[in-house]
Amino acid sequence: MKKPWVVFLCNFLLAGAGFVYLGKWKWAVADFLITIMLGVALYRLFSDSFSWISAAIPATNGVLAMNMARYWNARRQKM
């Protein structure tokens, strides 16, 4: 069982790190690349208001990873 708050913190600090903690390497690489591409695209579109976006992207990314950890933990408990 993995702790969802640790997954959130890891993914908040570095995109994909939470998935590495979960042992999901393909998810980690995909998450990292998608987050980088999304950040670059949003910076190009909203460069004047990027300050709130730069906080929203890691927070959303962390919540996504935390929810996936809860889902995978629930699946393990059923087995």
Original post:
³J(HN,Hα) across the stretch 53-59 via Karplus (A = 6.51, B = -1.76, C = 1.60, θ = phi - 60°), whole Hz, x for Gly/Pro?
Top reply: 5, 5, 8, 6, 5, x, 5
Subject >> Whole-number D in µm²/s for the chain (Stokes-Einstein; Kirkwood sum over Cα pairs; 20 °C, 1.002 mPa s) >> reply: 166 µm²/s
**OP:** Please turn the phi angles of the stretch 62-70 into ³J(HN,Hα) values with the Karplus equation 6.51 cos²θ - 1.76 cosθ + 1.60 (θ = phi - 60°), one per residue in order, whole Hz, x for glycine and proline.
**Re:** x, 5, 4, 5, 5, 5, 5, 5, 4
Subject >> Over the chain: helical MRE at 222 nm, DSSP H runs n ≥ 4 each giving -39500 (n - 2.57), nearest 500 >> reply: -28000 deg cm²/dmol
Subject >> Whole-angstrom gap from the stretch 49-79 to the stretch 1-22, using each part's C-alpha centre >> reply: 8 Å
Original post:
Around Asn61, what is the net charge, scoring Lys/Arg as +1 and Asp/Glu as -1 over all other residues with Cβ under 15 Å from its Cβ?
Top reply: 0
Original post:
What is the sum of charges around Cys10, taking Lys and Arg as +1, Asp and Glu as -1, for the other residues whose C-beta is under 14 Å from the C-beta of Cys10?
Top reply: +2
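Each reported figure results from applying straightforward, stated rules to the coordinates on display, with no laboratory input. Keep in mind that what you see is a predicted model, and the values were worked out from it rather than measured. FYI the Cβ positions are ideal-geometry reconstructions off the backbone, even for glycines, and counts take in every protein chain you see.
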